[in-house]
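Below is one structure, written out as structure tokens; the observations come after it.
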Amino acid sequence: MSGIAGMIHLDGRPADRALIESMTASLAFRGPDGQHVWTGASVALGHTLLKTTFEAESERQPASLYGQGTDRLGMDRQAIDGQVWITADARIDAREDLARELELPQSALARPDYELILHAYALWGEACVDHLLGDFAFAIWDAPSRKLFCARDHFGIKPFFYAHHGGTLVFSNTLNCIRLHPAVSDRLNELAIGDFLLFDANQDTATTIFADIRRLPAAHVLVATVNGVSTRRYWSLPEDEPIRYRRTRDYVEGFRSLLETATADRLRTARVAVTMSGGLDSPAVAAFARKVSPGTALHAHTLVYDWLIPDEERHFAGLVAESLGMSIVFTPLDGDRPYARVENFGIPEPWNQPLLPDFHHRIAAKTPVILTGYGADPLLSVSPLMSWAAVQAIPPVHTALNFARYMWDFRTLPQFRLRSTLQHLLGRQSEPRVDLPGWLNADFVRRCRLDERAVTYRRTALTNQLRPLARRSLCAVTWPAAFEAEDAACLDAAVEHRHPFFDLRLVRYLMAIPELPFSMDKYLLRLALRGMVPEPVRTRPKTLLQGDPLRTAFKQHGLGLTQPIQPRARLNDFVNPNAIPVLTSTAAAEQLWVDLRVATLNCWLQYQEKPNAWKR
């Protein structure tokens, strides 16, 4: 991901060029291919470039459409020449369709993605986001309107943070970059810490763990003018009309076509890595990448356990790589020491993952682009709770035939949680039981009303829509948090993850076709992969880990099994110092993960105590 940064003095004060240069320099780890700043009267923009597409070879930001005074595309849009500037971390999909809407010449498709965004803004203004597909975080300074316009993509794949203090707005796609501004304090946001200790992640999509720094939620825009700063949602996952075909193969062909398009839009480079398991999702992405771009150099990276727990990922991922002619690198996790890497770099916010595999630098040495299979689980799995709308949408005869075909293909009955579905339809779901961890500081619980917060966020609120749980999963905090956990700021590596299953066109299609039977055990994906991946992989049942690597790793290294966590001073504000848990390998898996939040927060606080340690 390229780095973006900027600031605007809404009261008209001159921009601080030295400060924006310092902030931009802190983003060099994101963009090793170029670093530039631009300053206007009261605004300053910075950018560090990571070349992840063919078109980016000619890219230089911050930029205006015709920054050198030449009309590169032959378009009569001189009104924004040098007047409207952008800094963007963006990959725009469906470029030909967008260029057609913009009435741009064919030569525009050879230009970087940020130019398409600027043309869209020139034509549609703030409504440009209604015409953009892809992953993006950008800021546009509109000098004639004295307005800063910022946007984040539909699913929050690209991060965007900002701080508004007095008459100054500071923004970046890197949280620690904003902390370099002298007006931004290190004061912590207690509600975000409470959410982390209760749920593993902040449940407020508009805040961060720092009180002065806010997060622009997915599918939101931000506008800053002399009148102040405002945000608004520009998109919500729509409830489209159901898609119904008479033949199963029509569903499969529609799915294949959209997954091919989504994958092709995410290639656009000569070398691509795939973080590949031995399951279905990432091998599917690899297979479609090979199909749509045979000349692209694909290589796979697979995390495996060789002796810590039983694990077959090496075997099945190897079968896929061999069949697709891909090189593959296996990274064993058996010897990883929990928390070994947390102190090696400044993770912007606590992340409850004690085992942090260090393999992204090896990927970055070959390519900055990584494809994943993220998103297939919510889209291609049957909801444990089905809505009445989903039941009504099932054509009985058609579904019966597909059930029969499913059982013939896979020699097994499809998994279907009938009891849970009936309870949902009859409205008999019980209120969530909330037992707060006993180690929470009682004063902290009272002042943040964590008991009420726990009930609010654990309550299952399902609407009578198609695919209610898939809808809730796609729009929840879980995915943006996962994307940020694999952001360059956390990995300390110049890499960009791309997720074909999160393509908006594919999402809308999968949300509109019948959930039964096509999402049963990923039936539609299995049909689409016939002849594309080895049969042992295509027909392999979903397999959970055959053990608990975390508990085994703790036992192996003897960490925290006999002594309580040694708390930092600030930890006592949130955790009762007399009840700090002892991490034991005999604890239930769920309880161990809950108690690990204390250790993770403590480790993060310890890192924050180091003077300037988080500055790059």
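Here are the numbers for this structure:
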{"item": "Built amide H within the under 5 Å cut-off of Arg111, gap 5+", "result": "none"}
{"item": "Calculated from backbone phi, Karplus (6.51, -1.76, 1.60) coupling profile of region 521-528 in Hz, x at Gly/Pro", "result": "6, 6, 4, 5, 5, 5, 5, 5"}
{"item": "Exposure proxy order (Cβ contacts within 10 Å, fewest to most) of Thr552, Thr600, Thr372", "result": "Thr552, Thr600, Thr372"}
{"item": "Per-residue Cβ neighbour rank within 10 angstrom, fewest leading, Met326, Met7", "result": "Met326, Met7"}
{"item": "Peptides ranked, highest mean first, by Cβ atoms within 10 Å: ranges 100-107, 164-171, 20-27", "result": "20-27, 164-171, 100-107"}
{"item": "From phi via Karplus (6.51, -1.76, 1.60), per-residue ³J(HN,Hα) for region 211-218 in Hz, x at Gly/Pro", "result": "4, 8, 10, 10, 10, 6, x, 4"}
{"item": "Packing-based order for 234-245, 485-496, using average beta carbon neighbours within 10 Å, highest first", "result": "485-496, 234-245"}
{"item": "Aspartates and glutamates whose Cα lies under 13 Å from that of Lys158, excluding same-chain neighbours fewer than 8 positions away", "result": "Asp89, Asp135, Glu484, Glu486, Asp487, Glu496"}
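No value in this document is a laboratory result; all are computed from the given coordinates. This structure is a prediction, so every number in the text was calculated from the model and none was measured. With ideal geometry, Cβ positions are generated from the backbone for all residues, glycine too; neighbour counts draw on all protein chains shown.
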